[in-house]
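Shown next, in structure tokens, is the structure this report addresses.
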Amino acid sequence: MTKIILRGRRVVGGCAEGEALVTRDAITGWGGLNPMTGTIIETRHELVGQSIKGKVLVFPGAKGSSGWSTRFHIARLAGAAPVAMVFNKISTKLALGAVVMRAPAITDLDQDPLQVIATGDWVKVDADNGIVEVTKRSAGGTTDLAGVQG
Amino acid sequence: MRLTDAEQAMLDGREGPAKQKAMDLLVRYGEALGAERLVDTNNVCTTVGASTPFLRDFAAKAGGLDAVFSEFNLDSPEAVKIPHAKAFTCQLIQGLDPDHWQEQGVSPEVHALHGRNEAFSADIGIQMLNTCTPYQVGNVPVKGEHCAWMESSAVVYCNSVLGARTNTEGRESTGAAMLTGKIPDWGLHRAENRFGSHVVEVELDVESIMDWGLLGYHLGEVVQEGVPVLKRQGRVPDLSRLKHFGAAAATSGGVEMYHIPGVTPEADSVAGALGGRRPQATLKYGAAERARAYAELNANAKDTKVDFVMLGCPHSSLEQVWHACKLLEGKRIHANSHLWIFAPRAIREVADRNRYTRIITDAGARLMSDTCPALGQVMPPGVRVAATDSAKQSHYLPSIMGVQTWFGSTEDCIQAAITGRWQGELR
């Protein structure tokens, strides 16, 4: 199966893999995430009602309150955090949130992760080496990207 | 990151375990940002305490407030004894008003824990301003001063209106800054990052507090973390208007800085605000954009029977309290509705002396301090429908408190409290 490799900058070290959850909307921490369940609660967010728990969260960046890091900090302690984060735009909210979440995180990638990665793809985030490895999901009998290229 | 000898000494633990943990976090955080060094700060705004259920349980299990500070203000799983603050540090908005906690539905246990936390905070030298608007009540940084502030609405005010320099810090980084007097030298601490990114042609007269909120809410959504430069005519906006504008832009987006040439201190002209660079985009703000922001802020509200009106997000200025009193004097809040106005404690002291608190109480309303409904999760019992003149509070109340929320002018909100009905509209 063909794998897509993206290269970027380590934000927080480590290596983890899981199913991707991708959003084009910036994520709000305080007032946007229920840290006990990992559920997105921002009413106009495209992921509202979905949980980031155990996922590789792929998103453009952070917005909203300075309580961002604390929400992801509590999510980690409550066992409801993502296993890794891949994002486009660094900010203090996001850098601190990633640090206190203590899970691998990468930014500044050589391709736009929002274009390359789709929800449900299997993604390995090797932050120590700055590598994101994407295995496209073959959804419901349709030919996946790897198959088309093959 | 390159550390000075003094910073390295703290990292090596030569100033005790708490500063070692603080420096360890600052290094991890600085490296995550891609910062090369730290900068000195003697102006920190943070939050210390355990007001939410999760933190209360954590405090009970982990052994008290040193453990809470270690985990949530230093990201240290190991509980260390917290020494006196090194930098001047102010407490931000908290979970309850110690003078109205029973009316706010707070349990005696939580109130007691709050008291212990106030004592803990005072012991380590935190200034108990207890407001989201420290710049209203004694912490007014000067232009160029390096700060480490939490509270997105205060951060945008600090950078834009005062010309002081802070990123949007979090609880952990401000805890570390408080103990070390250091914060990563990154982002808005550096002059080259403070120029405008977007020019906004404001075609309307933006005058009222509601209109400044609408403009901010729209801009945040469009520019996200950009630095908008407003091209506009009209009256110079005052503290209250800029407070609502910045709070709204930091809610729908991540705006930490803006320029209004001729008004804000780092912008004599549009070209100056842009630092000689071309803007990423030039946007227009007209009637359609205004109407869209108003519709978005009212998207969750359907029922016109209003149980609860909230004013003072960010915390009211003295002028806003005075204005509310002029609208309330001799009136009476509807039997089925509540009106809570929030202000910094220091402003409430003045309001008491001016008999504003009496006017508000006589109308059946309340003047509260130290907290707000979204942050403290405090509301009168049984609220289904709320109304507020704050774009920020209106954005958060439906998701945090699960209530329908109307957004409108201060006058429409007070009218709703008096009649028990929402009759606001975009005029």
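The values are calculated or read from the model by the stated rules, or taken from the named source; none is laboratory data. Note that the coordinates shown come from a computational prediction; the quantities given were computed from them, not determined experimentally. Glycine gets a Cβ as well: all are built from the backbone with ideal geometry, and neighbour counts include every protein chain shown.
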Residue B:34 passes all but one of the listed conditions (1) within 10 Å of chain A (Cβ to nearest Cβ); (2) within 26 Å of the chain's Cα centre (by Cα); the exception is number (2)
Any hit, region B:298-306, residues being at pLDDT below 95 and under 27 Å from residue B:337 (Cα atoms): yes
Q.
Given the criteria surrounded by fewer than 24 Cβ atoms within 10 Å (Cβ to Cβ) and either at pLDDT 95 or above or not assigned by TED's automatic domain parsing to the domain that holds residue B:245 (or both), does residue B:76 qualify?
A. yes
Test: residue in region B:199-207 that is in contact with a strand residue (DSSP E or B) (Cβ under 7 Å, 6 or more places away or on another chain) and within 26 Å of residue A:99 (Cα to Cα): no
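Got a sec? Which of B:27, B:68, B:44, B:39 is over 22 Å from residue B:147 (Cβ atoms), at pLDDT 95 or above and more than 9 Å from every other protein chain (Cβ to nearest Cβ)?
Details: B:27 fails: over 22 Å from residue B:147 (Cβ atoms); B:44 fails: over 22 Å from residue B:147 (Cβ atoms); B:39 fails: over 22 Å from residue B:147 (Cβ atoms).
That would be B:68, the only listed residue that is over 22 Å from residue B:147 (Cβ atoms), at pLDDT 95 or above and more than 9 Å from every other protein chain (Cβ to nearest Cβ).
Among the residues of region B:154-163, write down those that are within 28 Å of residue B:19 (Cα to Cα) and either facing another protein chain (nearest Cβ under 9 Å) or among the aliphatic types (A, V, I, L, M) (or both). So that I can check it myself, show each step before the final result.
If we filter region B:154-163 for residues that are within 28 Å of residue B:19 (Cα to Cα), which is where we start, we get B:154-155, B:158-159.
Selection gives B:154, B:155.
Can you tell which of A:90, A:106 is part of a strand (DSSP E or B), modelled with pLDDT of 95 or more and closer than 20 Å to residue B:187 by Cβ? Spell out the reasoning first.
Values: A:90 fails: part of a strand (DSSP E or B).
One residue alone meets the criteria, A:106.
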ask   = Looking at residue A:90, is it within 23 Å of residue A:131 (Cβ to Cβ) and surrounded by fewer than 24 Cβ atoms within 10 Å (Cβ to Cβ)?
value = yes
Result of the Cβ filter at 6 Å on region B:205-226, keeping first residues that are within 12 Å of another protein chain (Cβ to nearest Cβ) and partners that are assigned to a helix (DSSP H, G or I), at least 6 apart or interchain, is B:217/B:248; B:217/B:252; B:217/B:293; B:217/B:391; B:220/B:249; B:220/B:252; B:221/B:252
All-but-one check, residue B:170 against (1) surrounded by fewer than 24 Cβ atoms within 10 Å (Cβ to Cβ); (2) free of Cβ contacts under 8 Å to residues at least 40 places away in the same chain, failing number (1)
Residue pairs within 6 Å by beta carbon, gap of at least six or interchain, first lying in region B:140-156 and part of a strand (DSSP E or B), second modelled with pLDDT under 95 and surrounded by 24 or more Cβ atoms within 10 Å (Cβ to Cβ), listed first then second, are none
Picking from B:389, B:412, the residue that is at pLDDT 95 or above, touching a strand residue (DSSP E or B) at 6+ places or on another chain (Cβ under 9 Å), acidic (Asp, Glu) and closer than 16 Å to residue B:315 by Cα would be B:389
Within region B:188-222, of all residues that are farther than 16 Å from residue B:294 by Cβ and crowded, with 24+ Cβ neighbours inside 10 Å, the one nearest to the chain's Cα centre (by Cα) is B:196
Residues in region B:355-376 that are farther than 12 Å from residue B:322 by Cα and in a strand (DSSP E or B) total 3
Of the conditions (1) part of a strand (DSSP E or B); (2) in contact with a Gly (Cβ under 6 Å, 6 or more places away or on another chain); (3) surrounded by fewer than 24 Cβ atoms within 10 Å (Cβ to Cβ), the single one that residue A:42 does not satisfy is (1)
Residue hits (region A:11-39; in a strand (DSSP E or B) and farther than 17 Å from residue A:78 by Cα) are A:11, A:12, A:15, A:16, A:17, A:18, A:19, A:20, A:21, A:22, A:27, A:28
query: Does residue B:179 satisfy the condition of being in contact with a helix residue (DSSP H, G or I) (Cβ under 7 Å, 6 or more places away or on another chain), modelled with pLDDT under 95, part of a helix (DSSP H, G or I) and not assigned by TED's automatic domain parsing to the domain that holds residue B:288?
result: no
Within region B:105-140, restricting to residues that are within 16 Å of the chain's Cα centre (by Cα) and more than 17 Å from residue B:95 (Cα to Cα), the one that is modelled with the lowest pLDDT is B:138
Filtering region A:6-39 for residues that are hydrophobic (A, V, I, L, M, F, W, C), buried (at least 16 other Cβ atoms within 10 Å of the Cβ) and either free of Cβ contacts under 8 Å to residues at least 12 places away in the same chain or more than 9 Å from chain B (Cβ to nearest Cβ) (or both) leaves a count of 7
Within region B:325-349, residues being surrounded by 15 or more Cβ atoms within 10 Å (Cβ to Cβ), more than 20 Å from residue B:96 (Cα to Cα) and out of contact with any Leu (no Cβ under 6 Å at 6 or more places or on another chain) number 6
Picked from region B:388-408 (must be in a strand (DSSP E or B) and hydroxyl-bearing (Ser, Thr, Tyr)), the residue farthest from the other protein chains (Cβ to nearest Cβ) is B:388
Expected single match for hydrophobic (A, V, I, L, M, F, W, C) and at the interface with chain B (Cβ under 7 Å from one of its Cβ atoms) among A:90, A:106 is A:90
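Please tell me if residue B:213 is of a type outside the set (Lys, Arg), part of a loop (DSSP other than H, G, I, E, B) and at pLDDT 95 or above. Steps first, please.
On the way: of a type outside the set (Lys, Arg): yes; part of a loop (DSSP other than H, G, I, E, B): no; at pLDDT 95 or above: yes.
Taking the combined requirement at face value, the residue does not satisfy it.
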Of the residues in region B:164-200, those that are away from chain A (no Cβ under 11 Å), in contact with a Lys or Arg (Cβ under 7 Å, 6 or more places away or on another chain) and closer than 29 Å to residue B:320 by Cβ come to B:164, B:200
Among helices (runs of 4 or more DSSP H) entirely inside region B:1-117, those with 1 or more residues being within 16 Å of residue A:69 (Cβ to Cβ) are B:17-33, B:53-62, B:65-74
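Applying the selection to region A:54-74, what residues are more than 10 Å from residue A:30 (Cα to Cα) and either buried (at least 18 other Cβ atoms within 10 Å of the Cβ) or at the interface with another protein chain (Cβ under 9 Å from one of its Cβ atoms) (or both)?
Scanning region A:54-74 gives A:55, A:56, A:57, A:58, A:59, A:60, A:61, A:62, A:73, A:74.
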